[in-house]
Amino acid sequence: MKKKITALLLISAMLLSALSGCASGGSQPTVAAAATTAAATEAPAADTTAEARTQPSGEITWLTNSAYGDVPQTLADAYMAYNPNAKITLESYSRTELMKVIDIKMGAGDDDYDVFFVDQPLVASYYWKDYLSPLNDYFTQDQLSLLTEADLNAGYVQGDLEALPLTSSSQVLMVNMDLLEQAGLSLDEGYLDLTKRLTWEELADLAQQFQQTMDPNHTSGYWGFALGQQNNAYQVLALGNSLGEKAVADDGVTVEGVLNTEGWVKALTFYQNLYTTYGISPVGSTDDEVKSLFYSGKILFYLANTIRAASADFDIAGIYHPYFEGGEITIPTGSWYLGINKNTENFDLSLDFLTYCTVGDGAEIWMLNNNQVPARVDLLDNISNDTYEAFREWPGYATKIAAMENLAGNGYMRPTTYGWTSFDSIISSVFTDLRSGADVKTSLDDAAARLQEDFNQYR
């Protein structure tokens, strides 16, 4: 049965959110997320060692993303060593197939899966569809305080804690230093030692100088700059966020007058210019093709998720994510969460496994096996303080830069809205059209109108 949103609930939840303060770095909880302190119990964290606790027993099935290869099995094996009374069976699908399986199985009320991957912007959608078991009563404040505000708040909808983050993410600007030298350009040392940050305007200027020097007619395959996910809201929305804009209002259902503002027109005009006016970014390339171009020595600046950082045959550096001059520092963050199927017949074991993976030892295991930014403050601190050898040198160093960003509160989540699937599809089409020269204002007005018509069903 769908959960209906009343005006009273919205007002009450928004008041709670206002009283609790905003998430760090502009990552404000969307769809009126509740204060974490109100959701957590006041009891101290329990001793979770095997000797001090009664371990739940049984077998559960974990629905995962196949993109992570053997890492989910590694985590499941670690949990089964921690709790010998448990058996964790995995079933993995590609991201696209995973979304379909969740909607088919959970939508039918099946109990085939007990714990499943939840993409951060879909938390509210799954709340609306009633797929998840609320977790408010099962975590102490000490446990929840391990998580960054941005990552924790994104798990709340209407005061219900629906999911907890397994991991998080961030972006790093990678630089081919050999190409920079070949073009006769240089970067201030402050950018390289992370005491300064490029503006988008400065980045575009450097990339244009490079393009004019190395390949003004686009005949040699060189490019000044490339977004790692040029068609993905996860990365592109950061442009508008830096200008203080949101893509969806905090109520999760208002788009008109929010997505089609002057700020968004400015942000996405800059995005369009990367491909048209400036001619510094490749049009039409897939994410994997862009990555290959960078690592084959054809792109000067490459802005990408840290998991795309890899060893290179050239001198490579990582620097901070850009921002607009006079604007805010807003960096894409958020990743996969874990949720429990509302229809599970193995809730206790599912909860214990989820706890281990998120606020227990499993979070560190996941991080170390993926070179991925964690959602935990303590682990971010460890990375920043060089506790782990893996993050002291490139490519692990990219994760250290990202950890510093998230610790500083610069992470900004994608909007958590009931209608995320529609939003994601329509905004991706807008990005495609803009790269081909479509009018920015008209494209945004049309997208806002279409989305608002769809989102009105959630009022």
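Quick check: the angle from helix 7-20's long axis to the longest principal axis of the chain, C-alpha only, nearest 10 degrees?
Long axis of 7-20 versus the principal axis of the chain: about 70 degrees.
If you line up the long axis of helix 420-435 against the longest principal axis of the chain, both from Cα atoms, how many degrees apart are they, to the nearest 10?
10 degrees
Return the whole-Å distance between the Cα centroid of region 379-414 and the Cα centroid of region 424-438.
32 Å
As an exercise, use a Förster radius of 30 Å and the Cβ-Cβ distance of residue 202 and residue 442 to find the FRET efficiency, rounded to the nearest 0.05.
Values: r = 30 Å, r/R0 = 0.98.
Efficiency for this residue pair is about 0.55.
Can you compute the modelled spin-label distance between residue 140 and residue 182, with each label point 7 Å from Cα toward Cβ, in nm?
The modelled label-to-label distance comes out at 5.8 nm.
If I take R0 = 22 Å and measure r between the Cβ atoms of residue 381 and residue 73 in this structure, what FRET efficiency does the formula 1/(1 + (r/R0)^6) give, to the nearest 0.05?
On the way: r = 28 Å, r/R0 = 1.28.
For residue 381 and residue 73, the calculated efficiency is 0.20.
Give me the percent of the accessible area of the chain that comes from carbon and sulfur atoms, probe 1.4 Å, all protein chains in place.
47 percent
Step through the table entries 246/266; 196/291; 291/400; 105/291; 87/342; 100/291, compare each Cα-Cα distance with 23 Å, and write down the pairs that go over it.
196/291; 105/291; 100/291
Once the Cα gyration tensor of region 141-279 is diagonalised, what are the square roots of 5 times its eigenvalues, in whole Å and ordered largest first, as equivalent ellipsoid semi-axes?
After scaling each eigenvalue by five and taking roots: 35, 21, 12 Å.
FRET efficiency for residue 194 and residue 369, Cβ-Cβ distance as r, R0 = 35 Å, nearest 0.05?
0.85
Starting from the Cα of residue 310, step 7 Å along the direction of its Cβ; do the same at residue 457; then give the gap between the two resulting points in nm.
My value for the distance between the label points is 4.0 nm.
Which value, in Å², gives the accessible area per residue of region 317-459 when a 1.4 Å probe is used on the protein heavy atoms?
Details: 5090 Å² over 143 residues.
Using a 1.4 Å probe on heavy atoms only, each residue of region 317-459 averages 36 Å².
If a paramagnetic tag sat 7 Å from the Cα of residue 91 along the Cα-Cβ line, which residues of region 147-179 would have the backbone N under 17 Å from that point?
none
Taking the highest mean first, how do the peptides 437-450, 159-172 order by number of other beta carbon atoms within 10 angstrom per residue?
Going from most to least packed, we get 159-172, 437-450.
Which angle from 0 to 90°, rounded to the nearest 10, does the C-alpha axis of helix 440-455 make with the longest principal axis of the chain?
10 degrees
Can you tell me which of 180-186, 332-338 comes out highest on packing, and rank the rest after it, using the mean Cβ neighbours within 10 Å?
Packing proxy ranking, top to bottom: 332-338, 180-186.
The values are calculated or read from the model by the stated rules, or taken from the named source; none is laboratory data. Keep in mind the model is a prediction, meaning the values are calculated, not measured. Cβ: placed from backbone, ideal geometry, glycine included. Neighbour counts: every protein chain shown. Accessible surface is based on the protein model in full, side chains and every heavy atom, while ligands, DNA and RNA are left aside. Shrake-Rupley method; radii C 1.70, N 1.55, O 1.52, S 1.80 Å.
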